[in-house]
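Colleague: Starting off with a structure, shown below.
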Amino acid sequence: MADAPWIPCTDLPSKWEDLASDELPALLTVWREQSAHLRDSEALQAFNERLAREWAIETGIIERLYTLDEGVSRLLVERGLHASLIPHGTTDKDPEYVVALIKDQHETVAWLFDFVQQRRDLSTSFVKELHQLLTRHQEATITEDQFGNRLKVELERGVWRKLPVAVERLDGTRYACCPAEQITSEMDTLLARTEQHKRDGVPAEIAAAWLHHRFTQIHPFQDGNGRVARALATLVFLREGFFSPVVRRDDREKYLQSLYYADAGDLGPLVKLFADLQQRAFVEALSVSREVLHETAGLKEIIDAAADRLKERAAERAKRMSEVFKFADLLHEAARKRLSETAKQVKSQLQAVDRKYDSWADVAKNDSKRDDYYHYQVVEAAKKYRYFANTQTYRAWVLIAIKTTGQTDILISFHCLGSQFSGVMVCSAMTYRRERTGEEKETAISDVDILSDSPFQFNYNDHKEVLTTRFGKWVDQVLAVGLDRWRRSL
């Protein structure tokens, strides 16, 4: 028996506007400008293909359809979906079967792009086709009989389930899903409201989160509901010009927690998760491999050979630099003040314990003598964030050092995103330890640990007041995480 009864599909919360991301509109404007230069190019096609492969691989891992080593997953993303690339012992099922499942999921992404280009409306027949495609090579599913015994049964594809079902939440409680006899009417309501949200201009991250969650509550299919829900959320984003949101295996816990909160009536965490996934994809879109960028630049050189076009682009680049660098200087000063205040507080507490302990803030502005310090740490953090840190165009940093028996630094770096300047900058936050080694007491740097799920992004198109507000929240969050990690390392 379920602990909670079925509740019919409810619409968006009353103050849904408050859930909208402040960052995504500006990022989408920038990406539309950038992608216009790459339209039909190999660079954009290569990026979208890699993203589609990753979506296909990870959506099955999230559902525990199969396991796959991260290294092998990256190989499949880069080189293609071939069973020969999966070594023995790196997956829990036959590689041919795993690749068949992944290819079904990969084909689904291509089908979603086609759906968007054809400007079709959502319908129950489309959702059923989507389920058939996603589960085409799935051999069976697990169900429970009336006594709670788990049984392996044949999967019915593209057909609403015929039996009642309850789903277990993260806390172990169970809630009843939509009764089988009401699935058709509930799905009609769900899709009609989704189309209305599109007409009303509901932001994609809100519309996608709502559709995903309400679909999982209905749970219309015998199996595969999570995969279909993520595909439908992806469709919402693709319709608005965004990327396919890849929920990676490392996101699984946060993803399930967000759904748990949505069950309790708070859609906010799921909206934020989808917004974060879009920001991550945006970072990676502007930071595709240097080889691809080099090829693209070569093509652009030929295309943009005319002198007037080059002059126009140079003027545009200078304008973007000027505007975004003003924002960078503003945020850098705000970070300096916040870290200086924190260093004083930490120092006061430490010296109450031992006068030898200390804490201080340090800073370097762009184009200053020390602005190239900590390059190693910045590059290592960028690798973990999965983007290319451009420290040639702009670089500045703020640091708080905490010294007890050893020294821990919390570093915030300001630099541009991607090897080619596009008007987008980021702040990365990291922590690491300094240890004295050798007779000459040289300093060794421990592993660099990032302090946020994604770097803080801003661009020339941002609004000053909104930008400073969200940056202040971000700095407070990374400081809290950094200080807590220092505390736990004592």
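None of the figures in this text is laboratory data; all of them are computed from the coordinates on show. What you are looking at is a predicted structure, and each value in this text was computed from that prediction instead of being measured. Note that each Cβ is placed from the backbone with ideal geometry, even for glycine, and that neighbours are counted across all protein chains shown.
Colleague: Over the range 314-489, one equal point on each Cα, no solvent: what is log10 I(q)/I(0) by the Debye formula at q = 0.10, 0.16 Å⁻¹?
Modeller: -0.39, -0.95
Colleague: Over all distinct alpha-carbon pairs, what is the Kirkwood Rh of the chain in angstrom?
Modeller: 24.9
Colleague: Take the Cα atoms of the range 17-116, find their three principal axes, and give me the spread along each one in whole Å, biggest first.
Modeller: Principal-axis extents of the Cα atoms in the range 17-116, largest first: 45, 36, 27 Å.
Colleague: Which order do Cys416, Cys177 fall in if you start with the one that has the fewest other Cβ atoms within 10 Å?
Modeller: Sorted ascending by nearby Cβ count, the order is Cys177, Cys416.
Colleague: Please compute the modelled spin-label separation between Asn48 and Asp200, points set 7 Å along Cα→Cβ, answer in nm with one decimal.
Modeller: Label-label distance for Asp200 and Asn48, simple model: 3.0 nm.
Colleague: How many nm separate the modelled label positions at Thr141 and Lys162, each set 7 Å beyond the Cα in the direction of the Cβ?
Modeller: With each label placed 7 Å out from Cα toward Cβ, I get 1.3 nm.
Colleague: Another one. I'd like the FRET efficiency for Thr443 and Lys369, computed as 1/(1 + (r/R0)^6) with the beta carbon distance as r and R0 of 22 Å, rounded to 0.05.
Modeller: Once the sixth-power term is evaluated, E becomes 0.65.
Colleague: Quote the Stokes-Einstein diffusion coefficient, in whole µm² s⁻¹, for the range 339-393, based on the Kirkwood radius over alpha carbon pairs, a temperature of 4 °C and a viscosity of 1.567 mPa s.
Modeller: The estimated diffusion coefficient comes to 95 µm²/s.
Colleague: Residues with beta-carbon under 12 Å from that of Leu490, excluding Leu490: net charge, scoring Lys, Arg +1 and Asp, Glu -1?
Modeller: Overall, the nearby charge balance is +3.
Colleague: For the range 90-248, what is one quarter of the convex hull surface built on the Cα atoms, given in nm²?
Modeller: 10.5
Colleague: How big is the gap, in Å, between the Cα center of the range 186-243 and the Cα center of the range 368-440?
Modeller: Each part's Cα centre sits 39 Å from the other's.
Colleague: Filter Lys128/Lys384; Lys272/Lys384; Lys383/Lys403; Lys356/Lys384; Lys344/Lys464; Lys319/Lys365 down to the pairs with a C-alpha to C-alpha distance above 32 Å, please.
Modeller: Lys128/Lys384; Lys356/Lys384, as the Cα separations exceed 32 Å there.
Colleague: Specify, per residue and in Å³, the volume enclosed by the convex hull of the alpha carbon atoms belonging to the range 27-180.
Modeller: Cα-based convex hull of the range 27-180, divided per residue, equals 177 Å³.
Colleague: DSSP loop trypsin sites (Lys or Arg not before Pro) in the range 316-363 with at most 13 other Cβ atoms within 10 Å of their Cβ, which ones?
Modeller: Counting only loop positions with at most 13 other Cβ atoms within 10 Å, the trypsin sites (Lys or Arg not before Pro) in the range 316-363 are Arg355, Lys356.
Colleague: Can you put Thr405, Thr184, Thr391 in order, fewest other beta carbons within 10 Å first?
Modeller: Starting with the residue having the fewest Cβ neighbours, the order is Thr405, Thr184, Thr391.
Colleague: Something else about it: Under a Cβ-only charge scheme (Lys and Arg +1, Asp and Glu -1), can you give me the dipole magnitude of the range 354-490 about the Cα centre, in debye to the nearest 20?
Modeller: 180
Colleague: Any chance you could check the Cα centroid distance between the range 37-114 and the range 244-288 for me, in angstrom?
Modeller: When both Cα centres are located, 19 Å separates them.
Colleague: Order these by the 10 Å Cβ neighbour count, fewest first: Thr342, Thr141.
Modeller: With the sparsest Cβ surroundings first, the list reads Thr141, Thr342.
Colleague: Once Lys and Arg get +1 and Asp and Glu get -1 on their Cβ, which of Thr469, Gln132, Ile7 lies farthest toward the positive end of the dipole of the chain?
Modeller: Ranked along the dipole, the leading option is Thr469.
Colleague: Normalized C-alpha radius of gyration of the range 16-285, against 2.2 N^0.38 Å?
Modeller: 0.99
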